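So the structure is just underneath, and the comments pick up after that.
What follows draws every value from the coordinates through simple rules; no lab data is involved. Bear in mind the structure is a predicted one, so any value in this text is a computation, not a measurement. Heads up, the Cβs are rebuilt from the backbone with ideal geometry, glycines too, and the neighbour counts pull from every protein chain shown.
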Amino acid sequence: MDKQSRLKIAIQKSGRLTDLSLDLLTRCGLKFSRGKDQLICHGENMPLDILLVRDDDIPDLVQQDVADLGIVGLNVIEEKRLSFEKAGIQPLFEQLMTLDHGRCRLCIAVPDEFKYQGAQSLQGKRIATTYPNILGNYLKQNKVNAEIVTLSGAVEIAPRLGRADLICDLVSTGATLTANHLTEVETILESQAAIIRTPLPVSDSKQDWIHRLLMRVDGVQQVRESKYILLHAPRAKLEQIKQLLPGSESPTIIPLEGHPDKVVIHAVCRENVFWETLESLKKAGASSMLVLPVEKMLN
Ligand code: PRT
Ligand code: ZN
C-alpha cells in the first residue's frame, strides 16, 4: 500500500493522554512497536500510523493535513479553534467523537482569602492562564474587563509570585489548587479527550478505515463497564428481576429444561454489576448467577 493511503493519527507523545490513547488503539486491534524517542509508529496489521507529538500541535497537524486524525483534549481543541477564528483562519479540524478519558475542567481559581462574588469580582484583575482565548471569550460573555496574563506553564504559582491576582487553569482532583492555597470559583469549560479529523474529504480507503476505527472505538468504550450476566429466575419473578439488571435493555429469556417454572436470563449490563446487585437479585429469587467480562462489542 502506498504511503498516501495510510491513515495517520496524531496523539500526545508524552503526557497524561499518551498511555490512554495508545491503550485505546491497541484495544481497537492495532499492533505496532514503539521505540524510545520514536516520532512515528507504523501499524503492523492495519494501514494506520501513529504520530507522537506535543498535544498542542495536534489540531495544527490535522489543519495542515499532516495527520488525518488526532486524539486531544477539548480544552486544546477549543483554544485552537478560537485562536484560528481570531486570526480569520477557517479551522480545518472537527470533533468526531468524545472519549471517556482525560476528563478535567478549566476553572477560575482565586487565592483563599479572595472574596469572590460572581464574575464581576474579576473586573480589573490580572488573570494568569495558558488558555487566553477561552478565558477571553468567557470574560467577554460576562462583560468583564480584566488583564489576561498568558503563561506557558506553572500557572498555579503566579499569584504567589505577584504576577497575577488569580488564575484560570485545568483542574482534575483539585489537589494542586489546595496545595497552592487557591479556591475554585467557576468552571468555564468541561473537558475530556476527543477524536478530531479534517472536514475535507479523504480517499475512499482512508474514509473506510476512519469509519472502522470509530466503530471499534465505540465498541471499546461500551465494553469498558459492561458485564455479561447469566442467571436462573422463577418465571413468576421475571419482571421484577429484569428491573434489577443494571443498564440492560433487552435480555434474552430461555426456558430451563426440566423446570417449567424457571427461565435462564442472559443480559449485557452496560454498567458494572456490584455484589449489592447480585444480593438484590438473589432476594428476588434469582440463582446460579454468573457475571462475565465483555471482551468485544460491535453494534
Ligand atoms: O508536552 P505536552 O504539551 O504534550 O503536554 P502538556 O503538559 O501540555 O499536557 P498534559 O500531559 O499535562 O495534559 C494533556 C491533557 O490532559 C490536557 O490538555 C487535558 O486535556 C488533560 N488533562 C486532564 C489535564 C489534567 N487532567 C490536569 N489535571 N491536563 C493538565 N492537568 C494539570 C493542570 O494544569 C494542573 O497543573 O494538572 C494539575 C491539576 O491537577 P489536579 O489533579 O491537582 O487538580
Ligand atoms: Zn501541551
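Seen from Leu256, the other residues with C-beta closer than 12 Å to its C-beta sum to a net charge of 0, counting Lys and Arg as +1 and Asp and Glu as -1.
Just checking the listed ones, Leu61, Leu106, Leu161: in the Gaussian network model of the chain with Cα springs under 10 Å, the one fluctuating most is Leu161. Oblate is the label for the chain, because the ratio a/c of its alpha-carbon gyration tensor axes (a ≥ b ≥ c) is 1.5 or higher and a/b is not greater than b/c. Starting from the Cα gyration tensor of segment 77-121, take the square roots of the eigenvalues, sort them a ≥ b ≥ c, and report rounded, prolate or oblate (rounded when a/c is under 1.5, otherwise prolate if a/b is larger than b/c, else oblate). Cα axes put segment 77-121 in the oblate bin. Once the Cα-Cα distance is subtracted from the 0.36 nm per residue extended length, the Ser250 to Ala284 segment shows a gain of 10.4 nm.
Classify segment 153-299: rounded, prolate or oblate, from the alpha-carbon gyration tensor (a ≥ b ≥ c, eigenvalue square roots; a/c under 1.5 rounded; otherwise prolate if a/b is larger than b/c)? The shape class here is oblate. Rounded to the nearest 10 degrees, the inclination of helix 18-27 to the longest alpha-carbon principal axis of the chain is 30 degrees.
Note on Lys227: aspartates and glutamates with a C-alpha under 17 Å away, same-chain residues under 8 apart excluded, are Asp218, Glu249, Glu271, Glu276, Glu279, Glu295. Among residues other than Arg197 with Cβ under 9 Å from its Cβ, the summed charge is -2 (Lys and Arg +1, Asp and Glu -1).
When only the Cβ of Lys, Arg, Asp and Glu is charged (+1, +1, -1, -1), the dipole of the chain relative to its Cα centre reaches about 240 debye. Taking the Kirkwood radius as Rh and the Cα radius of gyration as Rg, segment 227-293 has a ratio of Rg/Rh equal to 0.93.
Annotation for segment 42-87 versus segment 168-242: alpha-carbon center distance of 19 Å. Summing Cβ point charges (Lys, Arg +1; Asp, Glu -1) relative to the Cα centre of segment 143-276 gives a dipole of roughly 380 debye.
Working note: 222 nm ellipticity from helices only, DSSP H runs with n ≥ 4, each -39,500 (n - 2.57), summed and divided by the residues of the chain, gives -8500 deg cm²/dmol to the nearest 500. Placing +1 at every Lys and Arg Cβ and -1 at every Asp and Glu Cβ, with all other atoms neutral, what dipole size does segment 227-293 have around its Cα centre, in debye to the nearest 20? Charge dipole, segment 227-293, about its Cα centre: 60 debye, nearest 20. Taking a sphere under 9 Å around the Cβ of Phe32 and counting the other residues whose Cβ falls inside, with K and R at +1 and D and E at -1, yields a net charge of 0. Extension gain for the segment His211 to Gln90, taken as residue separation times 0.36 nm less the Cα-Cα distance, is 41.1 nm to one decimal.
If you wrap the Cα atoms of segment 104-191 in a convex hull and average its projected area over all directions, you get 5.0 nm². Scoring 162-175, 78-91 by mean Cβ neighbours within 10 Å over their residues and listing the highest first yields 162-175, 78-91.
Report note on the peptides 47-54, 215-222: ranked by the mean count of other C-beta atoms within 10 Å, highest first, their order is 47-54, 215-222.
If one takes the longest principal axis of the Cα atoms in the chain, at what angle in degrees, from 0 to 90 and to the nearest 10, does the Cα axis of helix 204-225 lie? Roughly 70 degrees between the two axes.
I'd like the orientation of helix 132-141 relative to the chain: the angle between its Cα long axis and the longest Cα principal axis, in ° from 0 to 90, rounded to 10. The angle comes out near 90 degrees.
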